[in-house]
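Novice: Quick one: structure below, then a few questions.
The values are calculated or read from the model by the stated rules, or taken from the named source; none is laboratory data. All values reported here derive from a predicted model rather than from experimental measurement. Counting neighbours? That spans all protein chains shown, and the Cβs are built from the backbone with ideal geometry, glycine included.
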Amino acid sequence: MRLSLFYVATYLTTAGLGMTFAPQLTLDMMFSNGHYEAAFVRMSGLFVLGLAAFVIQIIRYRLAVLYPTLIGVRIVFCTGYVVLYAQTRDPFFLTTLGIVGAGLVASSLGLALDRR
């Protein structure tokens with residue numbers, strides 16, 4: 001489980017930095033076809049960097065008690081990405097779903113193996 005969180009920390013840090021410092025490039029790389037204000041994307045990037053900091057600390061301090069919470073939060077996020085895609089038809093949300101969903105699957109498998 002802990003190893004799968006390195007993937008999560010990497011995509012959160014990369015996305016957060018990209019959204020904060022290069023919002024349009026990041027949206028283009030994520031196949032977005034919507035128009036989003038740069039200030040809003042940058043603000044979202046700051047929140048993503050905050051999430052990255054929490055995940056990095058969870059890895060650093062080996063806080064296994066929080067692993068199920070991280071899985072639950074990503075289930076909520078993935079559900080939200082599906083809803084947002086249904087509302088906007090912006091491929092950005094499918095790309096994000098794929099990235100977050102891959103980590104969710106890896107973490108879920110890791111947690112199941114750790115509990116055995």
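Novice: Out of 31, 92, which single residue is outside any helix (DSSP H, G or I), more than 15 Å from residue 9 (Cα to Cα) and in contact with a helix residue (DSSP H, G or I) (Cβ under 7 Å, 6 or more places away or on another chain)?
Specialist: Being outside any helix (DSSP H, G or I), more than 15 Å from residue 9 (Cα to Cα) and in contact with a helix residue (DSSP H, G or I) (Cβ under 7 Å, 6 or more places away or on another chain) holds for just one of 31, 92, which is 31.
Novice: Which one is surrounded by the most Cβ atoms within 10 Å (Cβ to Cβ) among residues in region 77-92 that are among the aromatic types (Phe, Trp, Tyr) and free of Cβ contacts under 8 Å to residues at least 24 places away in the same chain?
Specialist: 81
Novice: Related question: Any chance region 5-13 includes a residue that's surrounded by 14 or more Cβ atoms within 10 Å (Cβ to Cβ), among the polar types (S, T, N, Q) and modelled with pLDDT under 95?
Specialist: Among the residues of region 5-13, not one is surrounded by 14 or more Cβ atoms within 10 Å (Cβ to Cβ), among the polar types (S, T, N, Q) and modelled with pLDDT under 95, which makes the answer no.
Novice: How about region 62-75: which of its residues are closer than 15 Å to residue 48 by Cβ and free of Cβ contacts under 8 Å to residues at least 12 places away in the same chain?
Specialist: Once the filter is applied, which keeps residues that are closer than 15 Å to residue 48 by Cβ and free of Cβ contacts under 8 Å to residues at least 12 places away in the same chain, region 62-75 yields only 73.
Novice: Same structure again: For residue 46, all conditions in the list (1) more than 14 Å from the chain's Cα centre (by Cα); (2) surrounded by fewer than 16 Cβ atoms within 10 Å (Cβ to Cβ) hold save one; what is the number of the exception?
Specialist: Among (1) more than 14 Å from the chain's Cα centre (by Cα); (2) surrounded by fewer than 16 Cβ atoms within 10 Å (Cβ to Cβ), the lone unmet condition for residue 46 is (1).
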